[in-house]
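Here's the structure, in structure tokens; my notes come after.
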Amino acid sequence: MSNQTSFNKTIKCFISLDFEPQPVSSLPQTIPAIWIAVSSINGLTAPLILGINLLVIWTVLEDERLRNTTYNILLATLAFTDLLMGLIVQPTSVALNICLLLECSSSCPLTIAYMFSSLVCCGWSLATLTVLSVERYLAIEHQFFYSSKVTVPKVLGATAITWGIMTLTLVGFRLMSDSSFEIRQLPVAVNISICCLIILNCVGKVYHTSRRQRAIIADITAVSTQQDIDKTKKMLKELKCYFVFGLVIISTVILYLPSLVTKIIGVSMGQEFTPEFKYIGQFIWVTCVYLQSLANPLIISLRLSYIRKGVFKKLFRQDG
């Protein structure tokens, strides 16, 4: 059949997906329905992700005081990676799903665009969270070093390096089109594991320090000297920033968990799973990852008053 022949010609393009293409008519009826649902979710959330992350970036970059702070510039960088999800990755994912449903001839270039943009943007987002966790660790655990050595240019440089490493490892391994399914999962698993170890190590150490600092703050509030009051305010500010970052990490764990479960099942079963799992698993877990780009700016905007005020000011065109 001509349709089957056309699909066979593009199998090499689709090797980057976790399944090989088949005509829709040969798939279980539940699969096209799930593809339509996933496309609808991505299509509806993409404008929201694009808009709110743009507002967060605008708020930080517009204010000189905010953009000269490493924590805030990293928040803007994270918002940039999230913005790319709504601007590039989600529309490409929707286009690919529609192409698969219609069995169109542009499946190959759409697959390449989908996989590369998804790998790069998700990798950059996770890399930025890792740098942000190290920044918070230094801000609370090594305050003198942080105040004297950690600057915006250095933080941006470290972020650029982690982006480069993430891109080379993720995309480089994925280009090995003749590799097995298990081998193609390796770079994703290794990168996620390394980033998670760094993040968990930093978060764990900061958590113990934050508990000690809360006890110190309780003692300081009984003293009325200006120096102690200033010290208390600084501690509270750092702890609030840490608390917001902690919420972002919790939401990341929740939304990345389906990807981890899917990868473990896929590798352990050697792709010997049901057609429904095989053809919808990847699109479901990547959609959960994409939704992280909506959760991040919502948490940041709701929990940090200066970001919230800037976002509402721009959203409702308030003056002053």
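The values are calculated or read from the model by the stated rules, or taken from the named source; none is laboratory data. These numbers were taken from a predicted model, which means no experiment stands behind them. All Cβ positions, even for glycine, are placed from backbone atoms using ideal geometry, and neighbour counts span all protein chains on display. Surface accessibility is based on the protein's heavy atoms, side chains included, excluding ligands, DNA and RNA. Shrake-Rupley method; radii C 1.70, N 1.55, O 1.52, S 1.80 Å.
Just a few scattered comments:
- Ranked order, V190, V311 - accessible area, probe 1.4 Å, largest first: V190, V311
- Accessible-area order (highest first, 1.4 angstrom probe) of the listed residues T130, T69: T69, T130
- Per-residue accessible area (protein heavy atoms, 1.4 Å probe) orders Y114, Y146 as Y146, Y114, starting from the largest.
- Nearest-10 value in Å² for the accessible area of E103, using the 1.4 Å probe: 50 Å²
- Rounded accessible area of F80 (nearest 10 Å², 1.4 Å probe): 80 Å²
- Computed accessible area, V203, all protein chains, 1.4 angstrom probe, square angstrom: 40 Å²
- Cβ-Cβ distance of Q29 and C104, R₀ of 25 Å, FRET efficiency by 1/(1 + (r/R0)^6): the value works out to about 0.80.
- The smallest convex shape that holds all Cα atoms of the stretch 25-164, its convex hull, gives 120 Å³ per residue.
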